[in-house]
Amino acid sequence: MAKIAPSVLGADFARLGEEITSADKAGVDTLHLDIMDGHFVPNISYGPAIVKTIDKLSDSFLDVHLMLSEPEKYFEAFVKSGADAITFHLEVHPNPSAYARQIKALGVQAGISINPDMPVERVLPFLKDFDYLLIMSVYPGFGGQKFIRESLTSVKTASEYIESHGLKTVVMIDGGVDASNAQEVVAAGAEILVMGSAFFGTDDRAALVKQVAAYS
Ligand code: DX5
Ligand code: ZN
């Protein structure tokens, strides 16, 4: 059963409390929080203080996606702020296993992410050390971008590898995912669909959650 992790970047920050409550009421159990440093990606979002605020507003699992050039400097700050999983990019740490250990030593789960132009084969040897693989289907930095279809091939290759090696890594996809492509994304092997604009842009959020839950 696939599920949606709403990306809070797509929420109306003037009504953050209501948006978070509405996501919880729609039946999600995970929120995706995008942290951008204006260096690894050409945008700046928010930091640990907002993560802490969201943690107070929600019982959901907080999946923190670090789009930072030096993510390891902030692992602890985000865990203290309520992160339940921390994901960073293979692009900044081509040998990421030591960082997975650091994250797990802080008592949370670890994820590794790849951009659309990163050959998926590069991340496969490290998957045994990670709880999540976050495959980007847009170039990170902004919500509301168009889905890059080539990422489906990476999702498929990674999920086949995970299956054939008996790993437990969960494949997530992030960027441009919506009601129109959710089914094929799940068919390719993604179990968690990060959705920003598509989730917060729809009035019937519960229906979208149900739609995705029907896919496997
Ligand atoms: C992109 C972020 C995504 C983004 C998704 O840099 O990592 O999580 O918020 O937003 P949508 O679903 O609008 O593409
Ligand atoms: Zn993200």
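Rule-based calculations on the coordinates, nothing more; no lab input. Owing to the predicted nature of the structure, the values given are computational and were not obtained by experimental measurement. With ideal geometry, Cβ positions are generated from the backbone for all residues, glycine too; neighbour counts draw on all protein chains shown.
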Inset, instruction - Quick one: which residue in Phe126, Phe130 is closer than 17 Å to Glu91 by Cα, among the hydrophobic types (A, V, I, L, M, F, W, C), crowded, with 20+ Cβ neighbours inside 10 Å and touching a strand residue (DSSP E or B) at 6+ places or on another chain (Cβ under 8 Å)? - result: Phe130
Legend entry - Tally, over the range 138-150, of residues that are out of contact with any helix residue (DSSP H, G or I) (no Cβ under 8 Å at 6 or more places or on another chain) and either within 8 Å of ligand 1 (Cβ to nearest atom) or within 19 Å of Asn43 (Cβ to Cβ) (or both): 9
Legend entry - Test result for Asp29, closer than 24 Å to Met1 by Cβ, out of contact with any helix residue (DSSP H, G or I) (no Cβ under 9 Å at 6 or more places or on another chain) and away from ligand 1 (no atom under 16 Å from the Cβ): yes
Legend entry - The one condition in (1) free of Cβ contacts under 8 Å to residues at least 24 places away in the same chain; (2) within 13 Å of the chain's Cα centre (by Cα) that Tyr132 fails to fulfil: (1)
Legend entry - Some residue of the range 58-76 being touching a strand residue (DSSP E or B) at 6+ places or on another chain (Cβ under 6 Å), of a type in the set (A, V, I, L, M) and more than 21 Å from Gly141 (Cα to Cα): no
Inset, instruction - With respect to Ser180, determine if the residue is within 14 Å of ligand 1 (Cβ to nearest atom) and over 28 Å from Ile44 (Cβ atoms). - result: yes
Inset, instruction - Hey, can you tell me all the residues within the range 186-207 that are in contact (Cβ under 8 Å) with a residue 40 or more places away in the chain and either more than 12 Å from ligand 1 (Cβ to nearest atom) or assigned to a loop (DSSP other than H, G, I, E, B) (or both)? - result: Val186, Ala190, Glu191, Gly196, Gly201, Arg205, Ala206
Inset, instruction - Please note which strands (runs of 3 or more DSSP E) are completely contained in the range 1-87 and include at least 2 residues that are touching a residue at least 60 places away in the same chain (Cβ under 8 Å) and surrounded by fewer than 23 Cβ atoms within 10 Å (Cβ to Cβ). - result: 30-36
Inset, instruction - Keeping to the range 70-90, report how many residues are within 21 Å of Leu127 (Cα to Cα) and of a type in the set (Ser, Thr, Tyr). - result: 1
Inset, instruction - Give the number of residues within the range 151-169 that are under 20 Å from Lys128 (Cβ atoms) and within 16 Å of ligand 1 (Cβ to nearest atom). - result: 2
Legend entry - Lone qualifier among Ser60, Ser7 - being small (Gly, Ala, Ser) and out of contact with any His (no Cβ under 9 Å at 6 or more places or on another chain): Ser60
Inset, instruction - Could you tell me whether Val123 is in contact with a Leu (Cβ under 7 Å, 6 or more places away or on another chain), away from ligand 2 (no atom under 13 Å from the Cβ) and not small (Gly, Ala, Ser)? - result: yes
Inset, instruction - Restricting attention to the range 135-183, report how many residues are touching a residue at least 40 places away in the same chain (Cβ under 8 Å), away from ligand 2 (no atom under 16 Å from the Cβ) and among the hydrophobic types (A, V, I, L, M, F, W, C). - result: 2
